Amino acid sequence: METRQLVDIAIDEDPRAPCLWVPSELFPELCAAIGQRPNLIGALIYRNKTIRDGGPYCDITTRAP
């Protein structure tokens, strides 16, 4: 499954969460898939969610790593 699909699933499963954390190794793939670059604080906005780099080897989660 692609990173973008996994992020979409995570957003759908917890729609009220304000932020989503993505593993460092998948973050560049997500940026390329949605055609965005991180802003000055290192976050993306996708589907009205803030997407952050959660560090290496973390899971895609709506909780802080």
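A few notes on this one:
- Mean Cβ neighbour count within 10 Å, used as a protection proxy, ranking 10-21, 47-58 highest first: 47-58, 10-21
- 1.4 Å probe accessible area per residue over the chain, in Å²: 66 Å²
- Surface share of carbon and sulfur [accessible, 1.4 angstrom probe, percent] for the chain: 52 percent
- Our helix-only sum for the chain, with -39,500 (n - 2.57) per DSSP H run of n ≥ 4 divided by its residues, gives a mean residue ellipticity at 222 nm of -8500 deg cm²/dmol.
- For the chain, size of Cβ-based charge dipole, Lys and Arg +1, Asp and Glu -1, in debye: 300 debye
- Positive-end residue of N48, L6, C31, charge dipole of the chain with Cβ unit charges: N48
- DSSP bridge pairs, the chain: antiparallel proportion in percent, nearest 5: 55 percent
- Both radii were evaluated on the Cα set of the chain; the Rg over Rh quotient, with Rh as the Kirkwood radius, amounts to 0.90.
The values are calculated or read from the model by the stated rules, or taken from the named source; none is laboratory data. Predicted model only: the values in this text are computed from it and were never measured. Cβ: placed from backbone, ideal geometry, glycine included. Neighbour counts: every protein chain shown. Surface areas here come from the heavy atoms of the whole protein model, side chains and all, with no ligands, DNA or RNA. Shrake-Rupley method; radii C 1.70, N 1.55, O 1.52, S 1.80 Å.
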